[in-house]
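Report on one structure; see the data block that follows.
The values are calculated or read from the model by the stated rules, or taken from the named source; none is laboratory data. Keep in mind the model is a prediction, meaning the values are calculated, not measured. Note that we place each Cβ from the backbone using ideal geometry, even for glycine, and neighbour counts take in every protein chain shown. Note: accessible area is taken over every heavy atom of the protein model, side chains too, but ligands, DNA and RNA are not part of it. Shrake-Rupley method; radii C 1.70, N 1.55, O 1.52, S 1.80 Å.
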Amino acid sequence: MPFQPPVVIQTAKAEFPKAELALPYVSGGKSEAADKKINHTIHHSVQQLVHSQGSLDDPNAQMLGYFEQKNNQKDYLSLSLFNYAFTGGAHGLTLQHSLTFKQSTGQTYTLAQLFKPGSDYIGRISAIVSAQIKLRKIDTLEPFKSIRPDQDYYVADRSLVIYFQLYELAAYVFGFLYFPISVYELQDIINDDGPLGAMTVND
């Protein structure tokens, strides 16, 4: 694989009443059109998070948006967008949405697209997550059976990180629950032409 330099990630600020958002802005990729596509997807996702939080009518309401870069190498970018909002009640709520892109085209990947068509990625990942829940003694709200086909994830260096939203798997106090899985544990079913395939190749 020819060396693909990382894209440049800058922070763009957006403000509106009771809200301050910091969002990633991508530039310096191999294709301006791909950079534009990536930025459009990010912007749309940030808008969806804002909308999901509901009204900021409460006098004490506030909203903060921020992001974390998870992977920026080998022509793939993976990042997490966060949105915290207090809209009244006992405490605020933070939502997280992750995006994984092919830098040179701007394509995004669903969890299913990381794997070979027809492979039982749901069963394989669910078994690994289940084992980690037992090992880490996580007190789940209901017995864990399976991940969703479109479970939230991001790609880090040589690992796939599956995660659950607040309240999705366990009580609020547990926060976001992350389950890192080495790409080598899934190597036989991963799509070699996707983000996880690239992480198994040594430069």
(request) Looking only at segment 71-84, decide whether some residue is small (Gly, Ala, Ser) and either open to solvent by 20 Å² or more (accessible area, probe 1.4 Å) or touching a His at 6+ places or on another chain (Cβ under 6 Å) (or both). (result) no
(message) Here is a list: 128, 122. Which entry is open to solvent by 20 Å² or more (accessible area, probe 1.4 Å), assigned to a helix (DSSP H, G or I) and within 29 Å of residue 44 (Cβ to Cβ)?
(response) 122
(request) Return yes or no: is residue 142 open to solvent by 80 Å² or more (accessible area, probe 1.4 Å) and not aromatic (Phe, Trp, Tyr)? (result) yes
(message) touching a residue at least 60 places away in the same chain (Cβ under 8 Å), open to solvent by 70 Å² or more (accessible area, probe 1.4 Å) and hydroxyl-bearing (Ser, Thr, Tyr): is that true of residue 167 in this structure?
(response) no
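If I filter segment 1-45 down to residues being of a type in the set (D, E, K, R) and part of a strand (DSSP E or B), which single residue comes out as nearest to residue 85 (Cα to Cα)? Break it down stepwise before answering.
Let us first name the residues in segment 1-45 that are of a type in the set (D, E, K, R), namely 13, 15, 18, 20, 30, 32, 35-37.
Those left that are additionally part of a strand (DSSP E or B): 13, 15, 20.
Values: 13: 17, 15: 14, 20: 10 Å.
Step by step, filter segment 1-45, then rank; the result is 20.
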(request) Identify, by number, the condition in (1) touching a Ser or Thr at 6+ places or on another chain (Cβ under 9 Å); (2) of a type in the set (Val, Ile, Thr); (3) over 24 Å from residue 106 (Cβ atoms) that residue 140 doesn't meet. (result) (1)
(message) I need every pair where a residue in segment 87-98 that is farther than 23 Å from residue 162 by Cα has its Cβ under 8 Å from the Cβ of a residue that is open to solvent by less than 60 Å² (accessible area, probe 1.4 Å) and of a type in the set (D, E, K, R), sequence separation at least 6 or different chains.
(response) 87/58; 88/58
(request) Could you tell me which of the residues 181, 162, 147 is open to solvent by less than 30 Å² (accessible area, probe 1.4 Å), assigned to a loop (DSSP other than H, G, I, E, B) and not basic (Lys, Arg)? (result) 147
(message) Taking the condition of being of a type outside the set (S, T, N, Q), touching a residue at least 60 places away in the same chain (Cβ under 8 Å) and either on the phi > 0 side of the Ramachandran plot or open to solvent by 20 Å² or more (accessible area, probe 1.4 Å) (or both), how many residues in segment 21-63 meet it?
(response) 5
(request) Would you mention how many residues in segment 11-20 are touching a Gly at 6+ places or on another chain (Cβ under 8 Å) and open to solvent by 80 Å² or more (accessible area, probe 1.4 Å)? (result) 1
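Return yes or no: is residue 70 among the basic types (Lys, Arg) and either farther than 16 Å from residue 10 by Cα or in contact with a Lys or Arg (Cβ under 6 Å, 6 or more places away or on another chain) (or both)? Steps first, answer last, please.
Working: among the basic types (Lys, Arg): yes; either farther than 16 Å from residue 10 by Cα or in contact with a Lys or Arg (Cβ under 6 Å, 6 or more places away or on another chain) (or both): no.
The answer is no for residue 70.
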(message) I'd like to check something: does segment 106-115 contain any residue that is modelled with pLDDT of 95 or more, among the aromatic types (Phe, Trp, Tyr) and within 30 Å of residue 64 (Cα to Cα)?
(response) yes
(message) Considering only residues that are farther than 21 Å from residue 6 by Cβ and not in a strand (DSSP E or B), which ones fall in segment 184-203?
(response) 184, 185, 186, 187, 188, 189, 191, 192
